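The values are calculated or read from the model by the stated rules, or taken from the named source; none is laboratory data. The structure displayed is predicted, hence computed values, not measured ones. Cβ placement follows ideal geometry from the backbone for every residue including glycine, while neighbour counts extend to all protein chains displayed. In case anyone asks, the SASA skips ligands and DNA or RNA and just uses the protein heavy atoms, side chains included. Shrake-Rupley method; radii C 1.70, N 1.55, O 1.52, S 1.80 Å.
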Amino acid sequence: MKRFLTTYIIMSLLMLALPALQVSASSGGSYDHEQLMQRAEFLLNNYKETEALRIYEEVLALSADNFEALCKASLLHNRIGDRYSANDTRQMEHFSKAKDLATRAHGLNPTDAETNYLMALSMSNLATVLGPKQRLEMTNQVKNYLDAALACRSDHAGAWHLMGRWQYKMANLNFAEIAASKMFFGGIAEKTTNSDAIQSLQKAIAISPQNIRYYYDLATIYQEMKEKEACVNVLKEALTVNMETKEEYELSRRCKIMLEDQAR
């Protein structure tokens, strides 16, 4: 009888303690995720992008629907993939992962500005390493995501920058690309001009004046249009931007070379 009572008491205590133990375990997991996210954010802010990506992917292994980790990992795969040459298989791998992660994030919140921007960015990048038909198909889809991103946040500098690049691309399709668009998709999704691209890039610069990439892309368009004065003015502005990363120093070097070419 005593043994029965003792067993009963122990079991009762365990049943009472179980919810508390579950809460504790759950809180511990959440705390671990929070610590990992803070560490990843610190690395990202200090330009340790490969290390940050590794931690975001660790978070996703623990919690596949972590929205912030999905977005940040997609962005980083795009950035890192852009550093490889087009004939390097690692570029395709990074861009493909970026698209998969962006799709998952978009599925969780399809009206979010960042997820729509990441969809557009991933598709734009992935299109550069695909065949002609797939490239045109993805390029045609990019605009819808950019429109959605800017409808949510009209001050999204990245979306305006990508819009400018998309508009410039569509305004300067070659004969073969125009013919393929007509054959496969019934024509060009939307007619744009170089002026449209310039206006979009100017908006990106106005929102984020410390991003040298925006100046470089705008100067490149002016150079192609042979608008020398406008090109020189943009390049001079670009060279006032503070630089911290290897990519920024490389863009600054290109701006200096372009400026020297314009002075000849």
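Worth pointing out:
- Whole-Hz ³J(HN,Hα) from phi, Karplus 6.51 cos²θ - 1.76 cosθ + 1.60, for the stretch 82-94, glycine and proline x: 5, 7, 8, 6, 5, 8, 9, 4, 5, 5, 4, 4, 5
- Between ALA86 and ASN174, full extension at 0.36 nm per residue minus the direct alpha carbon distance yields a gain of 29.7 nm.
- The listed residues LYS133, LYS191, LYS169, once ranked by accessible area (1.4 Å probe) with the largest placed first, stand as LYS191, LYS133, LYS169.
- For the stretch 114-180, the fraction of C-alpha pairs farther apart than 16 angstrom is 43 percent.
- Taking the accessible area of the stretch 42-123, probe 1.4 Å, and keeping the other protein chains in place, the carbon and sulfur fraction comes to 49%.
- Highest mean packing first, where packing is the average number of other Cβ atoms within 10 Å per residue, the peptides 211-223, 75-87 line up as 211-223, 75-87.
- Cut-off 14 Å between beta-carbons: net charge of the residues surrounding ARG83, Lys and Arg +1, Asp and Glu -1: -3
- Environment charge at ALA73 (Cβ cut-off 13 Å; Lys +1, Arg +1, Asp -1, Glu -1): -3
- Sites GLU58 and GLN134 - FRET efficiency at Förster radius 41 Å, r taken between beta-carbons, to 0.05: 0.80
- Averaging the sequence gap over all C-alpha pairs within less than 8 Å and six or more residues apart, then dividing by the number of residues, gives the stretch 87-172 a relative contact order of 27 percent.
- Hits among lysines - C-alpha to C-alpha of LYS99 under 23 Å, sequence gap 8 or more where chains match: LYS48, LYS72, LYS133, LYS143, LYS169
- Mean separation of Cα contacts under 8 Å, 6 or more apart, over the residue count of the stretch 110-249: relative contact order %: 19
- Additional length obtainable on full extension of the chain from THR111 to GLU93, 0.36 nm per residue less Cα span: 3.8 nm
- Candidate aspartates and glutamates for bridging to LYS236, where Cα separation is under 19 Å - those fewer than 8 sequence places away on the same chain excluded: ASP217, GLU224, GLU227, GLU244, GLU247, GLU248, GLU250, GLU260, ASP261
- Sequence-separation-based contact order of the stretch 210-250, relative, with Cα cut under 8 Å and 6+ spacing, percent: 46
- Lys, Arg +1 and Asp, Glu -1 on Cβ, resulting dipole of the stretch 88-132 about Cα centre, debye, nearest 20: 80
- Average accessible surface area per residue within the stretch 112-264, 1.4 Å rolling probe, Å²: 52
- In Å², nearest 10: area of GLU68 left accessible to a 1.4 Å probe: 90
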